[in-house]
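J.: Please see the structure below; I have some questions.
The values are calculated or read from the model by the stated rules, or taken from the named source; none is laboratory data. None of the values given here were measured: they were computed from a predicted structure. Using ideal geometry, Cβ is built from the backbone for each residue, glycine included, and neighbour counts are taken over all protein chains shown.
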Amino acid sequence: MRQALEGSQAIARAVALCRPDVVSAYPITPQTHIVENIAKLVADGELKCEYVSVESEHSAASVALGAAAAGARAYTASASQGILLMCEVLYDIAGLRIPMVLTCANRAVSAPLSIWNDHQDSMAVRDAGWIQIHCADNQEAVDTTIQAFRIAQDTDLPVMVCVDGFTLTHTLEPIELPTQQQVDDFLPPFVFARALDPRKPLSIGTMATPDWFTEARHSHHGAVLAAAEVIAAADADWQRITGRCGGGLLAVDGPDDARIGVVCMGSITGTLQDARAASPELPAARIIRLRSYRPFPAQALREACAGLDQVVVLERALAPGGVGIVGAEVRAALYGTPDAPRVQSVAAGLGGRDMPLTTYARLIALAQAEATTDFAILDVELDKLPEADRYAAAAMAGGQA
Amino acid sequence: MSTITNAGAPTRADGTISLTELREQQPRFQGFVGGHRACVGCGQALAARLVTEAAGPDVAVANATGCLEVFSTAWPDSAWRVPWLHSLFENAGAIASGMEAAYKARGVSAKVLAFAGDGGTFDIGFQSLSGMIERNHNVLYVCYDNEAYMNTGIQRSSSTPHAAATTTSPAGRERLGKRHMKKDILQIVAAHHMPYAATASVAYPSDLRKKVRRAMEIEGTTFLLVHSPCPLGWRHDGAKSVEVARLAVTTGLVPIIELERGSLTGSMPIREPRPVVDYLRAQGRFEHLFVDTPAAREELEHIQALANYNMERYQLRGSGHDARDTAGADTVRRGGVRWA
Amino acid sequence: MKQYPRGGIAEPGASLDYHTGSWRLQRPVHVHQAAPCHHACPAGEDAQAYLALVEQGRMQAAWESLVTANPLPAITGRVCPHPCESACNRGQYDEAVSIHGIERFLGDEAIRQGWAYPVAPPPADAPVVAVVGAGPAGLSCAWHLLRAGLRVDVFEAESEPGGICATAIPGYRLPPDTVALECGRLMALDGIEFRPGQRLGRDIQLHELRQQYAAVFLGVGAQQARPWSIDGVTPGDLHDGLALLQEWKRVGQIPVPERVAVVGGGNTAVDLCRVFKRAGAKRVMLVTHSGMPGPGVPDPMRALPRELAQAQEEGVEVLTHRGVRRLVLRGEKAVGIETVHMKKLPDAEGRLRRVAFEGTESLLHVDMIVPATGQDVDGRGFEELLKGSAALAIAADGAIGTPGVYAGGDVTGNAGTVTAAVGQGRRAAAAIVRSLQREAGIDWTDAAPVAFAALNTEYYEPMRRHHGAVLPPAEREGELEVEQGFDPAAAQAEAGRCLSCGNCMACDNCYTLCPDTAVLKTRDLAEDGSHYVFDYEYCKGCGLCANECPTGYIQMVVEP
């Protein structure tokens, strides 16, 4: 049934449809309404689960960890500082190979304090060993949340569903919520073979000496890479049931003969698509949206870039002193392929800075420019800075400083 | 192969039984077995053994990072025979909460135990502990208090007693060990208005077991602070771990008490109080106090005053025969009757 | 090849694959040391063993354990000076265990309930041994011979068995019924033939016994008054102390002086004083060279402290450190004695000598003076063995140097206690059995006992010693027994005070306190008699178990 729902509420309803056993939450600032909505569902008796209001994000992740280890389908949501406070727990959950789902309502990280959207938080835990899937809109957030529970239990890996904070979480959209039957058909009951069970008392969380640590990491790395197939398969299965598809590992949109490609993640996709449609005077770019960021879909990306001369990566986070985070990976994936396109990378929309339709034109201009911008912040307004801090764009062009 | 005669059924034709077989026939539940890497005479290993024995098999353990976790589970080995989860240093209270919530949601009948050292309880894990108690999860939280960060190299914690020397509160010309008082974690915990919070000591295993059983029966969060000597960090012979723990109790420095809803409901009276110097002299961490200087003399008096304060505060001075006091609580009988 | 599983899970108890025993520099071992009571008992009783059974309420089993060493517990429980209790480690903790009280309780219960002595009748063709004298030594010897499967003929000059217990020890501390029943039950056992009225040298002859029997045991006692005089002077109506006691037992009355001095410091002297009091003497004085028994007294009287105390309660005046310097006679009758204060002091060579202090002489007016300073052996019938000595010299096993002849008890000039006689009878029985190429089956411990310092007394709770009821002095008349025994509850509680020194009492401390679960509890006894085994695969040698072992049974030894 199609209904107008705020993103947070839609995600909460999706979580509820997955019959979680334990939901933990802490209202770090900035907070979304996801866990509030789940709490209300529990309060109203519409969802039977243990709802644990913890005293910190660290504990929110830890409660979910403990719950999942004890055989429960576990869920939590967070953002920004919360993700950073969870950081060591997130590494631990992944290293223990514990399946669970977390919604990251992507936001900027302090300081300066910002409650608005960018991808700095999930990027900060990029290497924690989680699966990270970015959603373009709230419908996809709903669908991906449900898929995430199945991906988690099929891979013994935790899944972070990244949804742009505010931009999506606080936005009302018409949403097609799946029926409980559809979800039940798609998502089998949660079974965790290594669960803490007095009848089979395993020890979880042992110490690995240097003799074994490398092997532990190798298997973890391999598992995240192998998750690519599981992600694609889950999306395909979901499509069979609901007719909706998130795009598998990445979504490609644009003319087959496009020479320019734009690589992005999250809700900016829709803005770029609208701008492209509204700007017939500009070359139509192929918009490649990375849905799965971890595992990084290198092969799918190479295929998506076939025939392109130019690729511009639109970053939503910053690695100060380095180059574009996603751009570097795109560049690495395409490096050495025959007729590899030029790859440039820019960050935009940091800390909730509005990204108007004109962003598209600026990206096209960058693609058409002769000079190569390895990396720059696209929408910086230098006159807002004192003279001494107005570093010239050229000086900031990736690694030349 | 080591054998014993006629030690229990089934026996071989020659009347012997292997130790491996005998180990499987022990009369008490063994939730924590040997082969772990604890130091010789480790008080924490002993305490963990006693607690798991008393708690029985229908439990799952959430273990904070620390000595206990490290020495018990160097992969592929594990000394645990109960389900056991280690996550991080500061989140034992939280993962225990999650485990308990999971069991509740799934209808699994198992009590969750949370194990942590004093660092993981008094300091870094205090927040998650407090959260767990506030939510009243059905968890027995056991803090194995060895009064410093032993796993990381004997650094002072907020549990380290006044004047004890550690690697971060060393004794020197200007300083006589730790300058600050030991945090009164039991009162702080009990202030959550929780049903049961108690102290115990490895020197009084019967008392400890009773308290574990008591806590296990309570639906809700319970807390046990177990004084567990560390031969390495306290600098005493491993053979003396129980003796030193006993002196901690009989001097009054470690009151053995029970608090219910924050009120004192039980204490182990001290039948014959010992001077604190008996306890201090037994440990290298206090050796700097045994020099003939005004500061050292004052410090000894100070520590005695702390013990006297405990005696007064909890009315620890015994008044004659009492089966629950320091002389009566762990009296042995022929045939191990006290375990019956 | 071991493989790292997903998530690094470990199997339960997998640490047992890691053998921490290799860390060990020292190892705990079980060392069973004799308890001081066992070591100190002249009869070789292992009190600890029967106390343990009493504590469990297994009274008959306790008695059976006790009589494997001493068949006369109802008697010794009353009259033995119980060196076991003086040695008892518990004495250094609070008060010694009342071993004698429990011993007596068991002996009385056995008589009351008619428990059968745990012995099988010997085969009809078993060798027969002659035991001469049915006193404690002879009875003990006969019993232990029977236990070893031999037959015994017991010859006794008197009509009843018991020796001095039957003839001389007053009934208020050893009731005649107790003696008659305990000795009678023993003599009635199948395999023992009791032959009363048979005096050596009169009715039977040693050389005949030696011919007719596989071996001969002499336990004829020492009942001949020792010559006594002061500078060669004796009163005309001189009575010997032992003879008066025998008279009191036999006819129930003795000459009653108004004022009497009894000279001596042993039980015979004290007994006689108390008998005089009971018989009606106004003033009874005990005069002795020795001091009152007590800690640090170099020359204590040999009398039992509690007997002495009771004598004083009854009005007996005890004059310690006093020697008789002179008899004051009117005609042949004593009317007084001159005493002088004396004390044992070291001489130039450091030997203790009695020194009389001039100027301390004083005169006691008495109507009678009775020496009770010991008896000599009546050598009739075995003069050739005595070779002019006052007593038979014996080896540790009772052999006297004449093939096939053994001796024990007062005839050997022993310490003069019933229990010592029981022990000598037992040792001699063992030697006889061995001489007949048989398995003696009689253990004896001479190993050093476990010291108090080796115990961990933290695990024991102070508990007052139990005492049986004592008749108030005013009610002590005639042969009424002064001390009452324990009831079963008191016996059981008192037995529970035993510290189990040097032995495993299955307290579980080692099992409970091992941080490495390297002590395993056995269902039945382990090979070494303990209830536990060390699993050296895991024991790290910390020594906690040894430190916390209450009884000193666990010792740490350097790793071999």
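J.: Return the total of residues in segment A:112-130 being surrounded by fewer than 19 Cβ atoms within 10 Å (Cβ to Cβ), under 20 Å from A:Gly324 (Cα atoms) and among the aliphatic types (A, V, I, L, M).
T.: Looking only at that region, the number is 1.
J.: Can we say A:Glu55 is assigned to a loop (DSSP other than H, G, I, E, B) and more than 14 Å from chain B (Cβ to nearest Cβ)?
T.: Numbers: assigned to a loop (DSSP other than H, G, I, E, B): yes; more than 14 Å from chain B (Cβ to nearest Cβ): no.
Criteria not met by A:Glu55.
J.: Next question, about the same structure. Given the criteria touching a residue at least 12 places away in the same chain (Cβ under 8 Å), under 22 Å from A:Ala227 (Cα atoms), assigned by TED's automatic domain parsing to the domain that holds A:Gln139 and buried (at least 24 other Cβ atoms within 10 Å of the Cβ), does A:Ile38 qualify?
T.: no
J.: Checking the conditions here, which among A:Ala69, A:Ala25, A:Ala79, A:Ala108 is within 11 Å of chain B (Cβ to nearest Cβ) and either of a type in the set (Ser, Thr, Tyr) or surrounded by 24 or more Cβ atoms within 10 Å (Cβ to Cβ) (or both)? I'd like the intermediate steps shown before the answer.
T.: On the way: A:Ala25 fails: within 11 Å of chain B (Cβ to nearest Cβ); A:Ala79 fails: within 11 Å of chain B (Cβ to nearest Cβ); A:Ala108 fails: within 11 Å of chain B (Cβ to nearest Cβ).
It is A:Ala69.
J.: Answer yes or no: is there a residue in segment A:155-170 that is touching a helix residue (DSSP H, G or I) at 6+ places or on another chain (Cβ under 6 Å), surrounded by fewer than 24 Cβ atoms within 10 Å (Cβ to Cβ) and outside any loop (DSSP other than H, G, I, E, B).
T.: So far as segment A:155-170 goes, yes, one or more of its residues are touching a helix residue (DSSP H, G or I) at 6+ places or on another chain (Cβ under 6 Å), surrounded by fewer than 24 Cβ atoms within 10 Å (Cβ to Cβ) and outside any loop (DSSP other than H, G, I, E, B).
J.: Now for a separate question. Just to check your reading of the model, which residue among C:Val284, C:Val328 is part of a strand (DSSP E or B), of a type in the set (Val, Ile, Thr), touching an Asp or Glu at 6+ places or on another chain (Cβ under 8 Å) and crowded, with 23+ Cβ neighbours inside 10 Å?
T.: Being part of a strand (DSSP E or B), of a type in the set (Val, Ile, Thr), touching an Asp or Glu at 6+ places or on another chain (Cβ under 8 Å) and crowded, with 23+ Cβ neighbours inside 10 Å holds for just one of C:Val284, C:Val328, which is C:Val284.
J.: Further question on the same structure: C:Ala61 - would you say it is at pLDDT 95 or above, assigned by TED's automatic domain parsing to the domain that holds C:Ser140 and surrounded by fewer than 22 Cβ atoms within 10 Å (Cβ to Cβ)?
T.: Yes.
J.: Inside segment B:134-147, can you point out the residues that are surrounded by fewer than 24 Cβ atoms within 10 Å (Cβ to Cβ) and either over 20 Å from B:Ala54 (Cβ atoms) or within 17 Å of the chain's Cα centre (by Cα) (or both)?
T.: B:Glu134, B:Arg135, B:Asn136 - these are the residues of segment B:134-147 that are surrounded by fewer than 24 Cβ atoms within 10 Å (Cβ to Cβ) and either over 20 Å from B:Ala54 (Cβ atoms) or within 17 Å of the chain's Cα centre (by Cα) (or both).
J.: Working carefully through the options C:Gly21, C:Gly44, C:Gly13, C:Gly8, find the one that is surrounded by 17 or more Cβ atoms within 10 Å (Cβ to Cβ) and away from every other protein chain (no Cβ under 14 Å).
T.: Exactly one of C:Gly21, C:Gly44, C:Gly13, C:Gly8 is surrounded by 17 or more Cβ atoms within 10 Å (Cβ to Cβ) and away from every other protein chain (no Cβ under 14 Å), namely C:Gly44.
J.: Given the criteria over 30 Å from C:Thr402 (Cβ atoms) and among the aliphatic types (A, V, I, L, M), does C:Ala281 qualify?
T.: Criteria met by C:Ala281.
J.: Pick out the one residue from A:Ala233, A:Ala227 that is surrounded by 15 or more Cβ atoms within 10 Å (Cβ to Cβ) and either within 14 Å of chain C (Cβ to nearest Cβ) or within 30 Å of B:Val70 (Cβ to Cβ) (or both).
T.: Matching residue, one of A:Ala233, A:Ala227: A:Ala227.
J.: Sticking with this structure for a sec: Could you check how many residues of segment A:350-380 are in a loop (DSSP other than H, G, I, E, B) and in contact with a Phe, Trp or Tyr (Cβ under 9 Å, 6 or more places away or on another chain)?
T.: The qualifying residues number 1.
J.: Note down all Cβ pairs under 7 Å where the first residue falls in segment C:264-277 and is assigned to a loop (DSSP other than H, G, I, E, B), the second is of a type in the set (D, E, K, R), and they're at least six residues apart or on different chains.
T.: C:Gly265/C:Arg302; C:Gly266/C:Arg302
J.: Here is a follow-up. May I ask you to say which residue of C:Ala134, C:Ala142, C:Ala124, C:Ala130 is part of a loop (DSSP other than H, G, I, E, B) and either modelled with pLDDT of 95 or more or within 20 Å of C:Ala399 (Cβ to Cβ) (or both)?
T.: The conditions single out C:Ala134.
J.: Just give me the residues in segment B:100-116 being within 7 Å of chain A (Cβ to nearest Cβ) and without any contact (Cβ under 8 Å) to a residue 40 or more places away in the chain, in sequence order.
T.: Residues satisfying the conditions are B:Ala101, B:Ala102, B:Lys104, B:Ala105, B:Arg106.
J.: Within the set of pairs 6 or more residues apart or between chains, which connect a residue that is more than 10 Å from every other protein chain (Cβ to nearest Cβ) and over 21 Å from B:Val59 (Cβ atoms) inside segment B:126-155 to a residue that is acidic (Asp, Glu) and part of a loop (DSSP other than H, G, I, E, B) with Cβ atoms less than 9 Å apart?
T.: B:Phe126/B:Glu90
J.: Do any residues in segment C:216-234 that are of a type in the set (Ser, Thr, Tyr) have Cβ atoms under 9 Å from those of residues that are in a loop (DSSP other than H, G, I, E, B), where the two are at least six apart or on different chains, and which pairs are they?
T.: What qualifies is C:Ser229/C:Leu238; C:Thr234/C:Pro227; C:Thr234/C:Trp228; C:Thr234/C:Glu332.
J.: Does C:Ala453 meet the test of being touching a residue at least 24 places away in the same chain (Cβ under 8 Å), in a helix (DSSP H, G or I) and of a type in the set (A, V, I, L, M)?
T.: It is false that C:Ala453 is touching a residue at least 24 places away in the same chain (Cβ under 8 Å), in a helix (DSSP H, G or I) and of a type in the set (A, V, I, L, M).
J.: Looking at segment C:340-348, is at least one residue of a type in the set (Val, Ile, Thr) and part of a strand (DSSP E or B)?
T.: Within segment C:340-348, one or more residues are of a type in the set (Val, Ile, Thr) and part of a strand (DSSP E or B).
J.: Could you grab me the full set of residues in segment C:40-49 that are in a helix (DSSP H, G or I) and either among the aliphatic types (A, V, I, L, M) or touching a Pro at 6+ places or on another chain (Cβ under 9 Å) (or both)?
T.: The answer is C:Ala40, C:Ala47, C:Ala49.
J.: All but one of (1) surrounded by fewer than 21 Cβ atoms within 10 Å (Cβ to Cβ); (2) of a type in the set (Lys, Arg); (3) touching a strand residue (DSSP E or B) at 6+ places or on another chain (Cβ under 9 Å) hold for C:Arg78, so report the exception by its number.
T.: Condition (1) is where C:Arg78 drops out.
J.: If you don't mind, another one. For segment B:50-76, name all the residues that are assigned to a loop (DSSP other than H, G, I, E, B), buried (at least 24 other Cβ atoms within 10 Å of the Cβ) and more than 8 Å from chain A (Cβ to nearest Cβ).
T.: B:Ala64, B:Thr65, B:Gly66
J.: May I ask you to say which residue of C:Asp347, C:Asp299 is farther than 24 Å from C:Val470 by Cβ, more than 22 Å from the chain's Cα centre (by Cα) and of a type in the set (D, E, K, R)? Lay out the reasoning, then the answer.
T.: Details: C:Asp299 fails: more than 22 Å from the chain's Cα centre (by Cα).
Going through C:Asp347, C:Asp299 in turn, the sole match is C:Asp347.
J.: Something else about it: Only one of these is under 30 Å from B:Phe71 (Cβ atoms) and touching a helix residue (DSSP H, G or I) at 6+ places or on another chain (Cβ under 8 Å): A:Ile151, A:Ile204. Name it.
T.: Sole residue among the options that is under 30 Å from B:Phe71 (Cβ atoms) and touching a helix residue (DSSP H, G or I) at 6+ places or on another chain (Cβ under 8 Å): A:Ile204.
J.: Let me ask something additional. Condition first: surrounded by fewer than 24 Cβ atoms within 10 Å (Cβ to Cβ) and among the acidic types (Asp, Glu). Can you find one or more residues in segment B:98-120 that meet it?
T.: No; the residues of segment B:98-120 include none that is surrounded by fewer than 24 Cβ atoms within 10 Å (Cβ to Cβ) and among the acidic types (Asp, Glu).
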